[in-house]
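Accompanying notes for the structure given below.
Bear in mind that the values in this text are calculations on the coordinates, not laboratory data. Remember, it's a predicted structure, so these values are computed and weren't measured experimentally. Note that each Cβ is placed from the backbone with ideal geometry, even for glycine, and that neighbours are counted across all protein chains shown.
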Amino acid sequence: MEHMGIEPDRIHYSWISSAESTKFVEVVKEVTEKVKALGPNQHFAKHEAKVA
Amino acid sequence: MITFKLNGKKVQGEEGQYILQVAEKHGVDIPTLCHHKALDPAGMCRICTVELFDGRRTRFVTACNYPIWEGMEVKTDTDVVHEGRKLIVEMLYARCPEVPLLKKLAKTYNIESPRFKPEGDDCILCGLCTRICKKMGNSAITLTGRGLELNIDTPFNVQSDICMACGACASLCPTGHITLDRVNNLFTRQKNVRTIPSEYEMGLKGRKPVYVPYAQAVPNTPAIDRDVCVHFKTGGCKVCAEFCGVDAIDYAMQDEIVELEVGSIILAPGFEPFDPSKFDAYNYANHPNVITSMEMERVLSASGPTEGHLVRLSDHKEPKKIAWFQCVGSRDLNRCDNSYCSSVCCMYAIKEAVIAKEHAGDDLECTIFYMDMRTHGKDFERFYNSAQEKGVRFVRSRVHTIDPVPGSDDLAVRYVTESGELQNETFDQVVLSVGLQTNPETVALAEKLGIELTEGNFCKTEIFEPVETSQKGIYVCGAFQGPKDIPQSVIDASAAAASAGAALSSARNTRTLVPEVIPETNVFGERPRIGVFVCRCGINIAGVVDVPAVRDYAATLPYVEYFSDNLYSCAQDTQETMTQIIKQKNLNRVVVAACTPKTHEPLFQETLINAGLNKYLFEMCNIRNQDSWVHKNNPELATEKAKDLVRMAVSKVALMQPLEEAELQVNQTAMVIGGGIAGMSAASTLAQQGYETHIVEKSDALGGQALNLFKTISGDDVQEKLSHLIADIDQNENIHIHLNTELKNVEGFVGSFKATLAADGEENELEHGVAVVATGASALKPEEYHYGDDPRILTSLELDRKFMDKDPSLKAMNSAVFIQCVGSREPDRPYCSRVCCTHAIDNALELKKINPEMSVYILYRDIRTYGEREYLYREAREHGIIFIRYSLENKPVVNLDDGDITIMVTDHVLGRPLEIVADLVTLASAVVPNKNEALARFFKVPLNDDGFFVEKHAKLGPSEFATDGVFLCGLAHYPKPIDESVVQGRAAASRAVTLLARETIHTSGTIAETVPINCSSCEVCISICPYSAPSFIEEGPFAGKAQINPVLCKGCGLCVASCRSGAIKLKGFDNDQIFAQIFAMNEAV
Amino acid sequence: MSEWEPKIVSFLCNWCSYGAADLAGVSRMEYPPNIRVIRIPCAGRMSPKFALAALREGADGVWVSG
């Protein structure tokens, strides 16, 4: 991932059972925070052609 | 509709609405203190003041109770408005400087300290309490006094009988002025005012009078607790009815008595946990840190009262030391009447200790105080061993007293160690592992039904008929039959269903209603015409998400031909309207943006079918459970999210294709492999249900291991019972017995298996729809304790044989020794053989019966007479049988000198070596499975490390395999006594009947499919699939390429993701469909 | 835009995390509104291609949960 210029924190994995709603919310918060901290994804995203 | 301007934007509201309501809908924030949506607005606090321009001049009005009118202009965000609010806050803050709510408000308005003199009150006189009290139909409290003396109180400042302590005032009070304590001390004369304890949370949390008993309840609809609901006391309130969007609340509903005519009855009333309050010495009733194991379950649960944070209840401190006490309310005749073992507590205590350590970290000290560790279930012994490795401490001691440590919330525990030393230890928390007992109501029911109970108040059943009560036609399952765990209860349940169903089998399919089949429209090659239905779900979605905006947004998406919003999409009439619209507008794809597909997808698919569309031309997007309900404070972003989700769904559904569900005939014949107790029970159950059944037995007789057994624990002659059972099987027309027969090969899959049977050098083919594996196990031939060196050293089964032969030598013996765990619970066989403790004790008693003067010793590690088998253990001690415990590290030694057998063992009480001269040594040899690898391969079913077959699910699917159409019972699953083998045989048959009775199977449409031409024959899919669905094509142009059996595929997609050639597609979740969803995201960025 | 909000594509297993997400809704819990859920039949269905495609299409994060 890093090799391709993607920050590892952009991709998250987790295992949550269907009864663990609390854990689900915790993970959402954590993932959102980490991605937010990285700022917008610019390295890999398809850049739109800039019209002069 | 009334149109007016709100902060310069045109907005619409309905006639009679107030400014606040419209502002809320449009996400405009107006602060309130005295407002509550359940009450009529009062305009008391005036903090909601807004600026109103009526065309001529500007006025200030309170937004909560000012009705909207055409053309008005409202501003909520001007400097003047803020100034006014600030002054109000400043004055209230001066009145109540300590109230958190006002501190927070003051901070928002940058007020450091009010200019007015602080008063130290905590009531802002908002009147919410008095208004809600009136709404409750009670008016027990009111505003009393005038001017500066204005106050909330009961009339004349006396505690009244009028106040029913419903707590509505306290629940609404924004400042904390009114608390339940205040209600208790000043308002009401009722005593013991408290929150309503939630039954599900074991009273550790409160609940409302309108409540869903627990999150997974079926049906998942709220109920009103009439005993506590205020409406049923005063006729007031009715708030729930006002808010219910579908008029579902009917206060006049009465309990009904419904009469049903039934052919049989199954009793499954369960158990109640033992209440340890009466054990004064444990202080359960008085000390918050002494809790029951059921309470501990809730504390450890992520959705429990502490959200899974392990804290003790007195001070919410994280405990560092927790103790579990076993056998609280079990194996106890001194302090309660439950002398049986509750079977499940040892295992659940270990589980709780391990989970507690997982939650709190390794430095949490967990100690379990026990008498015998009873981990006799499948894989339980391994769990016990691993708990010890993880640092859970096991202390063999029964603790008598728990003393609170003065000046702290800790608990002092005094106990005697094995070596007799008195120990004092302090714990932060003590968990009482409470036993299972039958509820008195169940006992009363049993009496009414005329059902016999056992000494422990469980339902009395026969060993060979374990789910039949003493009343014909009434069956029993679960913990009412005897204390048991989940897998055993599930097995019972299937067996009871089979027994109850046998009587009704002739009536099968006689009352089935056949739905009208609507021909499916062919949409192949058509341009997508998508209909988008956005659901409001009353206010559940529309209260947060701007539904009209989402609907209008959907209209702009490609291929969308129709769009609308529904109040309740799942309502019957809406469904009919949707069907009509699909037909009229010729829609060929449908998107419903509503709740969750997990509950509602089948319903909407039904709608599609009714409209003549293939049900897979559908996609749901979840804008309630995963949007409006979880983002209610962020309506703007929630609406944004809903639009994204709709766009993603629309782009996916455009690519959906009609999918076919193949129909497959189920061969109505069953094959049972193994003719032991379990196999015969399965066969007779299948035959009773009317299915032709073949028993394949490799030996020359039916009966299996039961042929070696003498008596059951209730004293029945096993051989006599067995011969009846075999005779019944012999005479049954539906059962064909193949003795001396071996299974050579099995081909096919659920519904159409083909087996090759070999007997007398001849091979025959047997076609069958389902198979039951009952291949059994056998007794280990011991390799220790001089087994085989002397005829007086034998195994338990060999002793049974002596009893059966009425061997006269037994009477002459003076001393007999039983050695337990021979080959079980050893490092290379780390499981408990479950049956040996009971068997040894039973045989020891039999020896005592033959010669009461005989000295009988049982050398054991833990006595595992679970359930009501415990009575036998008690009886054995009463008869003077001597129990000596040994440890794995210090096993007994058997010596043969000059024809004498002597046994050396270290006595666990004296700690000294003991020499016993024995005339008879019986070894409780392990139950060893017939590790049948060929069979495992034939049916593609797994074996575990010990050689037992692995069931579909350890708890919920104990009698079936993950492979469809193959079922499991008896010793091949795990060691078990006769009654449990009988019941599992029935259970396996019962599960098989659910398949046979359908006659045809429909495959799912969302399954994997190969494109053989792209396949590189790498075999990864074949090795990775848990359901054995992929295989290589055997002939034709694509021979050697992979194919997927649609019947076996569960559509998990594992093979699709692992296919390196891109040769597998998952219908309904294919790459292009998921990519379409991902690409649709792009537009949002 | 007041503050930049990331978009996170979430691939949730139908039987596990998707159920947890539903239950979170039933329990009226609150969490940041940044995730966009794609329901997959099982986490085994997940392919690295999906994660890369999502990032390439401009998603700021990817979350896979079984």
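Rounded to the nearest 20, the size of the Cβ-charge dipole of segment B:791-833 about its Cα centre is 140 debye, with Lys and Arg at +1 and Asp and Glu at -1. Among B:773, A:31, the ranking by other beta carbons within 10 Å of each residue's beta carbon, starting with the fewest, stands as A:31, B:773.
The length gained on full extension between residue B:29 and residue B:260, counted as 0.36 nm times the residue separation minus their Cα-Cα distance, comes to 77.6 nm.
Annotation: extensible slack from residue B:1072 through residue B:504 equals 199.5 nm (criterion: 0.36 nm per residue apart, minus Cα-Cα distance). Based on the Kirkwood radius over alpha-carbon pairs, what value in µm²/s does the Stokes-Einstein equation return for the translational diffusion coefficient of chain B at 10 °C and 1.306 mPa s? For these conditions, the coefficient is 45 µm²/s.
Computed per residue of chain B from DSSP H runs no shorter than four, each worth -39500 (n - 2.57), the mean residue ellipticity at 222 nm is -7500 deg cm²/dmol. A simple count of charges around residue B:530, restricted to other residues whose Cβ falls under 11 Å of its Cβ and scoring Lys, Arg +1 and Asp, Glu -1, yields +3.
Can you tell me the length gained on complete extension of the stretch residue B:351 to residue B:907, counting 0.36 nm per residue apart and subtracting the Cα distance?
Length gained between residue B:351 and residue B:907: 197.1 nm.
Which of the listed residues, B:1027, B:241, B:222, is farthest toward the dipole's positive end in chain B, when Lys, Arg count +1 and Asp, Glu count -1 at the beta-carbon? Result: B:241. Charge dipole of chain B (Cα centre as origin; +1 on each Lys and Arg Cβ, -1 on each Asp and Glu Cβ, all else neutral): 4100 debye, rounded to the nearest 20. Once the Cα atoms are used to define both axes, helix B:440-449 deviates from the longest principal axis of chain B by about 60 degrees. Measuring spread by the Cα atoms of segment B:472-558 yields a radius of gyration and Dmax of 25.9, 67 Å.
Give me the Debye-computed log₁₀ of I(q)/I(0) at q = 0.12, 0.15, 0.16, 0.19 Å⁻¹ for segment B:779-928, equal point scatterers on Cα only, no solvent, two decimals. Those come out to -0.45, -0.73, -0.84, -1.25, one per q. Sorted from longest to shortest, the spans of the Cα atoms of segment B:530-653 along the three principal axes equal 41, 28, 20 Å. Normalised Debye scattering of segment B:412-569 at q = 0.14, 0.16 Å⁻¹ gives log10 I(q)/I(0) of -0.86, -0.96, counting only Cα atoms as equal scatterers and leaving out solvent.
Charging the Cβ of each Asp and Glu at -1 and of each Lys and Arg at +1, and nothing else, the dipole of segment B:809-916 about its Cα centre rounds to 360 debye. According to the Cα-based calculation, Rg over Rh for segment B:2-77 is 0.92, with Rh computed by the Kirkwood formula.
Distance distribution P(r), segment B:971-1024, all Cα-Cα pairs, bin width 5 angstrom from 0: 4, 13, 13, 11, 10, 12, 13, 12, 7, 4, 2 percent. Given B:851, B:495, B:567, which one lies farthest toward the positive end of the charge dipole of the protein assembly as shown, if we put +1 on the Cβ of every Lys and Arg and -1 on the Cβ of every Asp and Glu? Highest projection toward the positive end goes to B:567.
Sorting the Cα pairs of segment B:1003-1082 by distance into bins of 5 Å, from 0 upward, gives 3, 17, 26, 23, 16, 8, 4, 2, 0, 0 percent per bin. Our Cα-only numbers for segment B:272-437 put the radius of gyration and Dmax at 14.9, 45 Å.
The listed peptides B:988-995, B:652-659, B:864-871, ordered by packing as a protection proxy, come out as B:988-995, B:864-871, B:652-659 (highest mean of other Cβ atoms within 10 Å first). Of the peptides B:694-700, B:600-606, B:46-52, the order by per-residue mean of other Cβ atoms within 10 Å, starting with the highest, comes out as B:46-52, B:694-700, B:600-606. Near the amide H of residue B:365, within less than 5 Å, lie the amide hydrogens of B:321, B:322, all on another chain or at least 5 residues away, with H placed in the peptide plane.
Here the mean projected area of the convex hull built on the C-alpha positions of segment B:880-967 is 10.2 nm². Three principal axis extents describe the C-alpha atoms of segment B:164-203; from largest down they are 30, 24, 13 Å. Of the residues B:154, B:179, A:32, the one with the fewest other Cβ atoms within 10 Å heads the list, and the complete ranking is B:179, B:154, A:32.
Partner chain Cβ atoms within 10 Å, averaged over the residues of A:4-16 - can you pull that number for me?
Counting other chains' Cβ atoms within 10 Å and averaging over A:4-16 gives 6.
What the Cβ-Cβ distance of residue B:539 and residue B:382 gives, at R0 = 45 Å and to the nearest 0.05, is a FRET efficiency of 0.30. Each residue in B:1018, B:96 was given a count of other beta-carbon atoms within 10 angstrom of its own, and listing them fewest first yields B:1018, B:96. Take the Cβ atoms of residue B:75 and residue B:358, set R0 to 45 Å, and the FRET efficiency comes out at 0.20. For the charge dipole of chain B, defined by +1 on Lys and Arg C-beta atoms and -1 on Asp and Glu C-beta atoms about the Cα centroid, which residue among B:459, B:299, B:975 has the Cα displaced farthest towards the positive pole? Farthest towards the positive end: B:299.
Computed across segment C:13-65, the Kirkwood hydrodynamic radius from all distinct Cα-Cα pairs reaches 12.2 Å.
Beta bridges assigned by DSSP with both partners in the protein assembly as shown are antiparallel in approximately 45 percent of cases.
Between the helical axis of B:978-996 and the longest alpha-carbon principal axis of chain B there is an angle of about 50 degrees. Each part reduced to its alpha carbon centroid, segment B:514-529 and segment B:923-942 end up 50 Å apart. Under the simplified labelling scheme, the residue B:733-residue B:311 pair shows an inter-label distance of 7.0 nm, with each label point 7 Å from Cα along Cα→Cβ.
Taking the Kirkwood radius as the inverse of the mean 1/r across Cα pairs, report the Rg/Rh of the protein assembly as shown.
1.01
The angle separating the long axis of helix B:380-389 from the principal Cα axis of greatest extent in chain B is about 70 degrees. Amide H contacts for residue B:338 (H built 1.01 Å from N in the peptide plane; partners 5 or more residues away or on another chain; cut-off under 5 Å): B:332. Mean projection of the Cα convex hull over all viewing directions, computed for segment B:195-250: 4.4 nm².
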